[in-house]
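Colleague: Let me give you the structure first, and then I'll get to my questions.
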Amino acid sequence: MFILFGLKTVEHPLPGRPATCQRCGRVCHHGLEERATRLTLFLIPVFTTSRSYRIMCSNCGTVNTLTRRQKNSLSV
């Protein structure tokens with residue numbers, strides 16, 4: 001019997017918003033991204049093992065990680 005399993009990280013862009021960057025101090029668009037690591041069985045995603053959120057400044061490229069609560073407060 002042969003079982004093929006592994007982990008796959010998938011990135012999903014989410015709607016961003018204009019904000020003041022902590023590093024460069026400019027008001028510019030910040031892109032939001034969700035990264036999900038999924039367990040795969042025979043190359044089919046079965047369930048999500050972890051999820052993280054990142055926000056990136058479009059001016060200087062600074063990337064900050066967010067918690068789920070912080071991400072939800074940005075969406076409102």
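Colleague: Could you work out the local net charge near F47, counting Lys and Arg as +1, Asp and Glu as -1, over the other residues with Cβ closer than 14 Å to its Cβ?
Modeller: +3
Colleague: Still on this structure, I have one more. Just to confirm a number: summing +1 for Lys and Arg and -1 for Asp and Glu over residues other than E11 whose beta-carbon lies under 15 angstrom from that of E11, what do you get?
Modeller: It works out to a net charge of +4.
Colleague: Using alpha carbon centroids, what distance separates region 57-76 and region 18-48, in Å?
Modeller: Computed from Cα coordinates, the inter-centre distance equals 8 Å.
Colleague: Hey, another quick one. Using 7 Å Cα-to-Cβ label points, what is the R35/T67 separation (nm, one decimal)?
Modeller: That separation, rounded to one decimal, is 1.9 nm.
Coordinate-derived values only; no laboratory data. Remember, predicted model here, so these are calculated numbers, not experimental data. Ideal geometry is used to build each Cβ from the backbone, glycine not excepted, and the neighbour counts take in all protein chains shown.
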